[in-house]
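Enquirer: Have a look at this one before I ask anything.
Since every read-out is calculated from the coordinates, none of them should be taken as a lab result. Here the structure is a predicted model, which is why all the values come from computation and not from measurement. Glycine also receives a Cβ, built like all others from the backbone with ideal geometry; neighbour counts cover every protein chain displayed.
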Amino acid sequence: MLEIDSSRGEGGGQMVRTSVAMSAITVVPTRLTRIRENRPTNGLSKQHTTAVDAVAQMTGSKVTGSYVGSSELTIEPGTEQLDHLRLDIGTAGSISLVMQAVLLAARNHKRRLTLDITGGTNVMWAPPVDSYQMVLFPLMRRMGIEAEAEIRERGFYPLGGGRVVTTLEPIGKIRPLMLTDLGEFKGIRGRVFVQHLPERIGTELADSCRRALAPRYDVDIEMQKSVGNSRGAGMVLVAEYENGMISSNVLTSRGHTAEQSGEDVANDLITEMGTGATVDSHTADQLLLYMAMAEGHSKFVVSRISRHLLSQMDTLESFLDVRFGVERKSNGFHFSINPGGCS
């Protein structure tokens, strides 16, 4: 049985989600210890157990230790391929992070997978589902992976109640992805979302963002006003290039005005665009999973190496014959991903 010390690297839920999914894919029995030992609240949260239980259910795997607060987890992989899952995190826990584990675990599925998940669509410390729609899934499509997500209802902290329906077509051969140069700049687009808050919040977000980007950049902003169980507002920005995309996102809060949030998301994007990166670090975390299983070499450039990225590499090397290379240059950190058997 493969033993993984989950306190290594960033020591959070990332290693748990990736390990459980990779155990199911490779059919390697795995035991995780010291889960989230360095976090203020140790052990598994409801969001983590939802992801673990979903992977176990869809693959017919046996899991021991999947409960809130658990510091150890064992998975004995199965061979089933359930193709429809209805999940309720029960809190404002991140839907996108649960999706991350389940979609990865479905790498070998022979039929379309449909996920219907209730929880948080836009919450702190997690990528918004919008970023999956606007950035991650389009880049995965270039690798031959077809995934779609529909936000039926938005969910914000603390009530949650958001609902997302996601589909994943069977994954065949995964094409490598070369993101060494973004190429020609094409434009910036954004999405502002407001739920159960005054419409002026969305207007202030958009106007402030436009002012921060002007006069150098124009931006095409889509406004979404929704009705749901919780309330919140935020924005996702995407700079589109010939060969790739760079993104940033923000949520408003009581201590952070809509005007300040709009300025922040614009400045974050401008800063990232000037670093030489070909993908933002949050998207790189997710692409790395599929690059490690591609039939050929992949490359990308990030402005900084996040602890999540380091943890992903560490975990993937435990399950796969893959080599990672990192070289620091004037325009960022250049990553190369070399799956086993690639010449």
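Enquirer: Taking Rh as the Kirkwood radius, which is the inverse of the mean 1/r over Cα pairs, what is the Rg/Rh value for the range 297-343?
Expert: 0.98
Enquirer: Provide Rg over Rh for the range 184-225; use the alpha carbon set for both Rg and the Kirkwood Rh (inverse mean inverse pair distance).
Expert: Numbers: Rg = 11.4 Å, Rh = 11.0 Å.
Taking Rg over the Kirkwood Rh, I get 1.04.
Enquirer: Using modelled amide H (1.01 Å from N, peptide plane; none on Pro or chain starts), what sits under 5 Å from the amide H of T252, excluding residues fewer than 5 places away?
Expert: A233, G234
Enquirer: Percent of Cα-Cα pairs per 10 Å bin, from 0 to the last occupied bin, for the range 29-100, please list those.
Expert: 20, 51, 27, 2
Enquirer: Once the range 90-165 is represented by equal point scatterers at the alpha-carbon sites, with solvent omitted, what log10 I(q)/I(0) does the Debye formula produce at q = 0.25 Å⁻¹?
Expert: -1.18
Enquirer: Just to be sure I understand: of the beta bridges DSSP finds with both ends in the range 183-273, what percent are antiparallel, rounded to 5?
Expert: Working: 18 of 26 bridges.
Percent antiparallel among DSSP bridges in the range 183-273 is about 70.
Enquirer: Follow-up question, since we're still on this one. Given the convex hull over the Cα atoms of the chain, what projected area results after averaging over all orientations, in nm²? Please list the in-between numbers first.
Expert: Details: hull surface 64.5 nm².
Directional mean of the projected Cα hull area for the chain stands at 16.1 nm².
Enquirer: Another question about this same structure. Could you list the square roots of 5 times each eigenvalue of the Cα gyration tensor of the range 255-294, that is, the equivalent ellipsoid semi-axes, sorted largest first and rounded to whole Å? Walk me through the numbers before you get to the answer.
Expert: Numbers: eigenvalues 165, 34, 5 Å².
Equivalent ellipsoid of the range 255-294: 29, 13, 5 Å, largest first.
Enquirer: If packing is taken as the average count of other Cβ atoms within 10 Å, what order do 110-123, 193-206 fall into, highest mean first? Walk me through the numbers on the way to the answer.
Expert: Details: 110-123: 22.3, 193-206: 18.9.
Peptide ranking by packing, descending: 110-123, 193-206.
Enquirer: Give the distance, in whole Å, between the Cα centre of the range 275-343 and the Cα centre of the range 1-66.
Expert: 21
Enquirer: In Å, what Kirkwood hydrodynamic radius results for the range 183-273 from the alpha-carbon pair distances? Intermediate values should be presented prior to the final figure.
Expert: Details: mean 1/r = 0.0761 Å⁻¹.
With all distinct Cα pairs of the range 183-273 included, I get 13.1 Å.
Enquirer: For the range 207-334, what's the radius of gyration and Dmax over Cα atoms, in angstrom?
Expert: Looking at the range 207-334, its Cα Rg and Dmax stand at 17.4, 49 Å.
Enquirer: For the range 12-70, what Kirkwood radius comes out of the mean inverse Cα-Cα distance, in Å? Intermediate values should be presented prior to the final figure.
Expert: Numbers: mean 1/r = 0.0869 Å⁻¹.
Over the range 12-70, the inverse of the mean reciprocal pair distance is 11.5 Å.
Enquirer: Another one. Please compute the Cα-Cα pair-distance distribution of the range 64-125 with 5 Å bins starting at 0, giving whole percents from short to long.
Expert: 4, 14, 20, 23, 22, 13, 3
Enquirer: Related question: Work out from phi, with θ = phi - 60° and the Karplus expression 6.51 cos²θ - 1.76 cosθ + 1.60, the ³J(HN,Hα) of each residue of the range 139-150, listed in order in whole Hz, and give x for Gly and Pro.
Expert: Values per residue, Gly and Pro as x: 6, 5, 4, 5, 9, x, 10, 9, 10, 9, 9, 10 Hz.
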